[in-house]
Amino acid sequence: MKFVFKLGMKNLFRYKERTFLTCLSLGVGVCVLIFFNGMLEWADEASIRNLKKYETASMKIGNTEFFKEDNYIPVDEVIEEKEKIEKILNGKELEYTPEIKFKANLINEITGDSYPFFGMGIVAESHKKVYDLDEMIYEGNLPEKGNEIMIGKNTVELLNVKVGDFLIIETDTKDGAHNADAFKLAALFETPNPEVNKNFFYISIDAANNLLDMGGDINLISVKTEQNEEKLKQELKKEIDIEGITVRTWQEQAQDYIDLSQGKKGGSSMMLMMVFIIITVGIVNTMNMAVFERTGEIGMMRAMGMTNREIILNFIYESGAMGFLGGVLGLVLGSIVTWYLIRYGLDMSNYVGDISYGYRVSAVFRSKWDPGMMITALIFSTISASVISTFPARRALKRSISETLKSAGKFG
Amino acid sequence: MELIKTKNLSKIYISGETQTKALSEVSLVIENGEFSVITGPSGSGKTTLFNLIGALDSPTSGTITFDGDDLSKLNRKERTLFRREKIGFVFQTFNLIPVLTAFENVAFPLNLLGISEKEIKEKVYNLLEKVGLKGMEERKPAALSGGQQQRVAVARALIKEPVLVLADEPTANLDSGTGGEIMKLMRKLNKEDEITFLFATHDPMVMEYSSRRIKLRDGKIQE
């Protein structure tokens, strides 16, 4: 079989230009696969990080009714027996922070422009231990007391305000009464999580308590852990054992992202399918041409006693090598693209802007090395090309030897 | 001693509803060591007879025996192995593999037979020298003249020491001088190695070299 392999390799470079173009098309296909996969892998990893660091923490504890609907925030559904819960969390040496989450309209005091937001009443000191929001503040500090407010960069642009301006927070109190108060814009942040940037503003927990007339109650406790969230949730659930109190992991809070991430698995299969189509079209075209041009040669080889298996193997080697070279080219191109994205990123802010698409990542897209996918792409490219080449070769072998010999000129 | 014997050999080609009788009741004996020519106008059945003798095709009826073995009873794989071991082909258009050198083209049938590299080297160099191509072993077909290419093709047909060489119009694409040289070469090998040669041709020069002429017309022998 060594000589069949040798012949396949010689045939590979028979039409250098065509081989190069086929390898290039396969390479581009594999590169596209590596590019998208790397970006999705990065988006996945970054989203989980950005969810936990800025939005969901590892988990949140709250009233079961409070969690019933994600967009309906019943501030009156507070945490009963919060001292007991805090004692359990302290006992487990977990970092946690109390919060008051509410819905409110933010109004520009001068223009009167008004937009709906989620307001967060926070305790600056413990918030820093659970979240990394303080590291994303580019002006001012986390609000600690009084009527001071911190908003995201997007909100600054939306409301056309600057630090020192006053914003009106208009909301409903715990008892359902309408309330509004003026807050001085004291801090600005920009996180890599666009949902937080666009939808949240922050005030101190005391200010929230006054504004919503909470009477010292809170409706959420955010918890940070490095342990397995599901396992810890079960432990906490068992230990807290208060009717109407629920522990929600970050996965449960970010169902929109989880759905998207699950869909990504289907997306990867689609991409593999797309690359398969590119390979199929490229290889089938090239091998069809090769078989067509070598019909007489195939006839001659058969006449001389080469078996159908050896002839097919000859095409498999040729095509497989083409798939391998295309795959290697794709790996090189894909690696360059991946390296560039990791190093410099791809700023898509002009295209995606503030659009929310489930991933908690900024508009500067990056990538991630995925050696598993790279090896898979190379193997996939080689095997697909090998398998596909058998079809034109088999078709040629269906013709009689004398018929194929006539294609080369004349025999007998 | 008879090498090939055909008895009432017929071949009908069917295309849709059209039936073409290419060969009709041909009975023929070719002896070992013959240097024979099959002649006849286009469409006389030369190709068909060559294809059947070379086990490239199966007859519609009749029998064809080769060294006593009935070729019509062989399956596809057995026919392939039969050709691999016993038949050498020389084609009108040389049919060399363009990506292989003269050496590699000649070595091709030996590679199929699984002969060792060392033995292949020895045999191929010897035969290329015998056919006058010493020093041209590494040249690819494109770097050889028509006559040189046909010499490579003859060497390729003979390298495995076949029982029979089937040569179709071996001189058709060559000038008369080169054609004559090729015929002399084959005649020499026929005499020296006692290999049976069977030609299909219109070329009077080839007929001159032959020891026997078999005329075909409308699928029947006129001899």
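The values are calculated or read from the model by the stated rules, or taken from the named source; none is laboratory data. Predicted, not measured: the structure shown is a model, and the values here were computed from it. Ideal geometry is used to build each Cβ from the backbone, glycine not excepted, and the neighbour counts take in all protein chains shown. Side chains are part of the model used for accessible areas, which takes the heavy atoms of the whole protein and leaves out ligands, DNA and RNA. Shrake-Rupley method; radii C 1.70, N 1.55, O 1.52, S 1.80 Å.
Side notes on the structure shown:
- GNM on chain A, alpha-carbon springs under 10 angstrom: the most fluctuating residue among A:Met301, A:Met374, A:Met136 is A:Met301.
- Reciprocal of mean inverse Cα separation for segment A:228-305 (Kirkwood radius, Å): 18.2 Å
- Remark on segment B:124-206: ratio of C-alpha radius of gyration to 2.2 N^0.38 Å is 1.04.
- Pairs of Lys residues in segment A:168-260, spaced 8 or more positions apart or belonging to different chains, with C-alpha separations under 21 angstrom: 4 in total.
- Shown are B:Asp70, A:Asp347, whose ranking by accessible area with a 1.4 Å probe and every protein chain present, most to least, is A:Asp347, B:Asp70.
- Net charge over other residues, Cβ less than 9 angstrom from the Cβ of B:Lys11 (K, R count +1; D, E count -1): 0
- Debye equation applied to the C-alpha atoms of segment A:164-206, log10 I(q)/I(0) at 0.16 Å⁻¹: -0.56
- Only lysines eight or more places from B:Lys7 in sequence, or on another chain, were considered; those with a Cα closer than 19 Å are B:Lys21, B:Lys46, B:Lys73, B:Lys215, B:Lys220.
- Farthest toward the positive end of the dipole of chain A, out of A:Gly29, A:Asn197, A:Leu133, is the Cα of A:Gly29, where the dipole comes from beta carbon charges about the Cα centre.
- Taking label positions 7 Å along the Cα-Cβ direction at both A:Ile336 and B:Met207, the computed distance is 6.7 nm, reported to one decimal.
- A:Gly152 long-range amide H proximity, modeled H, under 5 Å: A:Phe189
- Computed over segment A:59-224, Kirkwood Rh from alpha-carbon pairs, angstrom: 16.0 Å
- Lys, Arg +1 and Asp, Glu -1 on Cβ, resulting dipole of the protein assembly as shown about Cα centre, debye, nearest 20: 5520 debye
- Estimated vicinal HN-Hα couplings, Hz - segment A:203-209 in sequence order (Karplus 6.51, -1.76, 1.60; Gly, Pro = x): 9, 6, 5, 5, 4, 5, 4
- Across every pair of non-identical alpha carbons in the protein assembly as shown, the mean reciprocal distance, once inverted, gives a Kirkwood radius of 31.4 Å.
- Heavy-atom accessible surface of the protein assembly as shown: percent carbon and sulfur, 1.4 Å: 52 percent
- Positive dipole terminus of chain A, leading residue within A:Met150, A:Trp369, A:Ala57 (C-beta point charges): A:Trp369
- FRET efficiency for A:Arg18 and A:Glu135, using Cβ-Cβ distance with R0 set to 60 Å, rounded to 0.05: 0.60
- Isotropic mean projected area of the C-alpha convex hull, chain B (nm²): 12.6 nm²
- Among A:Met322, A:Met287, A:Met306, residue whose mean-square fluctuation peaks in a GNM of chain A (springs only between Cα atoms under 10 Å): A:Met306
- Each residue of segment B:169-186 is assigned a 3J(HN,Hα), and the resulting list reads 6, x, 10, 4, 9, 10, 6, 4, x, 5, x, x, 5, 5, 5, 4, 4, 5 Hz, derived from the Karplus form 6.51 cos²θ - 1.76 cosθ + 1.60 (θ = phi - 60°), x at Gly and Pro.
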